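Visitor: One structure, pasted below without further comment.
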Amino acid sequence: MNQGYDVIEFLNGNTALKPADEPILAAKFAGLPGRRSVDEWLETFRSQVVILQDLSPLQMRELMLDSDVHAYAPGEVIFTRNDPGSSMFGIAEGSVLVEVGANATVGIEQGSIFGEGGLISGRRRGATIRAAGPTVAIELSRNAALKLMATVPAAARAVNRIAIERQLLQMFGSGLTREDIAELVEKAEV
């Protein structure tokens, strides 16, 4: 009913109408740094996070209704090794550090994801993750991430590619780089 009213209003020249989910998303984004509109935050997430780049504006809005957003301070723990959790995170701004051993960390840059291991395997978190600097991340619930992967083939390919690459580097580390395994990762199937 409201959508019909909005259509009539738009046809009558009222182009200032906002989508019905606007107040929900505005409240969700209220704790993020800077003064950006809902549309600006949606575009930031879509353009910066590699798995979201093929989403339409409507798909982004739907995804955000089932997701959370977080702003982290430098050094803040996002999750701890062995914590339960099956959500996946996308880094829109900043970067994170993965604690892989005593005094050893690996960085994950802006635009990438983390937490995909728990999403795919359903197991506890495999590492402690901290914000490397001021970081803004989107947290996709398990259901939202699985729906994204089922409906956006490019997103599913990106998640699988990243998961395969990280598993191979973790298992066979010893100085291997992403470039060393790039051809294998591109041909691998889940």
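Visitor: Can you compute the charge dipole magnitude of the chain about its Cα centre, using +1 on each Lys and Arg Cβ and -1 on each Asp and Glu Cβ, nothing else charged? Give it in debye, rounded to the nearest 20. Mind showing how you got there, number by number?
Guide: On the way: 18 positive and 24 negative charges, 99 e Å.
Charge dipole of the chain: 480 debye, to the nearest 20.
Visitor: On to the next question. Calculated from DSSP H runs of 4 or more alone, at -39500 (n - 2.57) each and per residue, what is the 222 nm mean residue ellipticity of the chain, nearest 500?
Guide: Numbers: 8 runs with 84 residues, N = 190.
My calculation for the chain gives -13000 deg cm²/dmol from helical runs alone.
Visitor: Something else now. Peptides 126-136, 88-98: what's the order by average Cβ count within 10 Å, highest mean first? Write down the numbers at each step before the final one.
Guide: Numbers: 126-136: 19.2, 88-98: 21.5.
Listed from highest to lowest mean packing, they are 88-98, 126-136.
Visitor: Calculate the all-directions average of the projected area of segment 94-157's alpha-carbon convex hull, and give it in nm². Before the final figure, lay out the partial values.
Guide: Working: hull surface 19.4 nm².
Quarter of the Cα hull surface area: 4.8 nm².
Visitor: I've got another one for you. Which of the following values of Rg and Dmax of the Cα atoms in Å was calculated from the structure shown: [x] 19.9, 69; [y] 18.5, 66; [z] 17.1, 50?
Guide: [y]
Visitor: Taking a ≥ b ≥ c as the square roots of the eigenvalues of the Cα gyration tensor of segment 55-143, is the shape rounded (a/c under 1.5), prolate (a/b larger than b/c) or oblate?
Guide: Cα axes put segment 55-143 in the oblate bin.
Visitor: Turning to a different aspect of this structure: Starting from the Cα gyration tensor of segment 124-186, take the square roots of the eigenvalues, sort them a ≥ b ≥ c, and report rounded, prolate or oblate (rounded when a/c is under 1.5, otherwise prolate if a/b is larger than b/c, else oblate).
Guide: Verdict is oblate for segment 124-186.
Visitor: Which of Ile91, Gly122, Thr80 sits farthest toward the positive end of the charge dipole of segment 56-127, with +1 on the Cβ of Lys and Arg and -1 on the Cβ of Asp and Glu?
Guide: Gly122
Visitor: May I pose another question? Starting from the Cα gyration tensor of segment 5-116, multiply each eigenvalue by 5, take the square root, and state the resulting semi-axes largest first in whole Å.
Guide: On the way: eigenvalues 234, 34, 31 Å².
The three semi-axes for segment 5-116 are 34, 13, 12 Å.
Quick note: the coordinates plus some simple rules give every number you see, no bench work behind them. As the structure is a computational prediction, the values presented were derived from the model and not from experiment. As a convention, Cβ positions derive from the backbone with ideal geometry for all residues, glycine included, and neighbour counts pool all protein chains shown.
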